[in-house]
Amino acid sequence: MTLRGTLRHRAATCLGVCVLAAGPVYATDTAAGADTGTDREPVARHLPGWELKETGSKARLRGLSAVSRDTAWVSGSGGTVLRTTDGGRSWRDVSPPGTEALEFRDIEALGRRSAVALSIGPGEDSRIYRTDDAGATWTETFRNDHPGAFYDCVTFFAGGREGLALSDPVDGRFRILSTSDGGRSWKVLPDDGMPPAQPGDAAFAASGQCLVSAGRSDAWFATGGGATARVLHSADRGRTWTEAESGIPAGDPARGVFALAFRDARHGLAVGGDFQPGNPSPDAAARTGDGGASWTDARKPPPEYRSGVAWLPHSRGAALAVGPTGSDVTFDAGRTWHGFDSGSYDTVDCSADLGCWAAGEQGRVARLE
């Protein structure tokens, strides 16, 4: 068995007791990970660490898709899309031509050479592009024509053909785009299955994680800006939605849930807070074990606003959260969080072969080592 195969086998058998990040073992004092219901504090033998990868870019990179430890896509300001296939040692600028005025806040890899990128903004600034040749050429597959729509995030279900994109409310309800051909074409779904939006409701295009999915039919999106920060769930690929309060503070345009992560159809994490620099963000993390029907506040949340969150692969309890003021790790499925890095990152994503990446301002990209 190769070294990587050995690591993947060991990680798969840890079941949340340990997490491998290409070397060190992280352990808790719980016997079977996060699903035991215990409230005991996890004890980390070693904390993970980010290794910066020079991109040569100064763009703010809020879109990220981790394909493997070797391959990742990032996207961001100035129409920027970058791709690496050698673990971050070198990066290829594969930005779609003529998009310098756009903000690519989300990117989703759909295969070895295929990806879909979403640009945000009012009116025609909200667009979707697809590539099938590793970014050598791009096709614009959607351009928003509704002046009231503002698209924030995109997600694809298992298999990569069906997907959704989320817009802020139009005529009092969040708007959902749907694709059934891998993002080559899109249609607006009827909104009769969508609960009404609250006054001030919006989704945050901070990390490409305001809309996420698990399996072939479950999707969730997060809100902020209104009186309460909610998480809405669909079990039928976006046709109908149910809502639940997250417990994360809202009541201000800068506060709410900024990112979600689900490791399966039941177990999820939410992070957020107040993105204004210097403002406190208490209780800015929550977890669910019932598919988002109810949420429980983290007993020890990250100390400040966090904009991205991702489960570590092959673990029932380990996950990462990132934000402009630092990174945190949990070993007990979001009950307690532990800071391990003070660098600025906006988004984080992990691949099945233990490749965890983070990206943020000034072209910062790092891989977990």
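Derivation of every value follows stated rules applied to the coordinates shown; laboratory data play no part. For clarity, every value in this text was computed on a predicted model and none was experimentally measured. We place every Cβ from the backbone using ideal geometry, glycine too, and count neighbours over all the protein chains shown.
See the values below:
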quantity	calculated
Residues with amide H under 5 Å from that of LEU312, placed H, sequence gap 5 or more	ALA318, ALA319, LEU320
Surrounding net charge for ILE120, when Lys and Arg each add one and Asp and Glu each subtract one, Cβ distance under 12 Å	-3
Computed helical MRE - 222 nm, the chain, DSSP H runs ≥ 4 contributing -39500 (n - 2.57), nearest 500	-1000 deg cm²/dmol
Under Karplus coefficients 6.51, -1.76 and 1.60, residue-wise ³J(HN,Hα) of segment 104-117 in Hz, glycine/proline x	8, 8, 8, 9, 10, 6, 10, x, 4, 10, 10, 7, 10, 10
Protection proxy ranking, peptides 233-240, 141-148, average beta carbon neighbours within 10 Å, highest first	233-240, 141-148
Cβ-placed point charges (K, R +1; D, E -1), dipole of segment 90-178 about Cα centre in debye, nearest 20	320 debye
Distance in nm between pseudo-label sites at HIS146 and ALA293 (7 Å out along the Cβ direction from Cα)	3.0 nm
GNM result for the chain, Cα springs below 10 Å: residue of GLY343, GLY292, GLY111 fluctuating most strongly	GLY111
Karplus 3J(HN,Hα) series, Hz, for segment 234-250 with 6.51 cos²θ - 1.76 cosθ + 1.60 (x for Gly, Pro)	10, 9, 10, 6, x, 6, 10, 9, 10, 10, 8, 6, 7, x, 6, x, 9
Extended-chain gain in nm, criterion 0.36 nm per residue less alpha-carbon gap, ARG216 and ARG184	9.7 nm
Sorted by Cβ density within 10 Å, fewest first, the residues THR55, THR139, THR80, THR347	THR139, THR55, THR80, THR347
Segment 218-341: C-alpha pair distances exceeding 19 Å, %	40 percent
Peptide ranges 357-365, 279-287 listed from the most packed, as the mean C-beta count within 10 angstrom indicates	357-365, 279-287
Förster radius 30 Å - calculated FRET efficiency between ALA227 and ASN279, Cβ distance, rounded to 0.05	0.95
Paramagnetic reach from ARG113 in segment 122-156 [backbone N under 20 Å; point 7 Å along Cα→Cβ]	129-141
Sequence-distant residues sharing a close amide H with ALA202 (under 5 Å, placed H)	GLY224, GLY226
Cα centroid of segment 306-369 to Cα centroid of segment 124-197, whole Å	26 Å
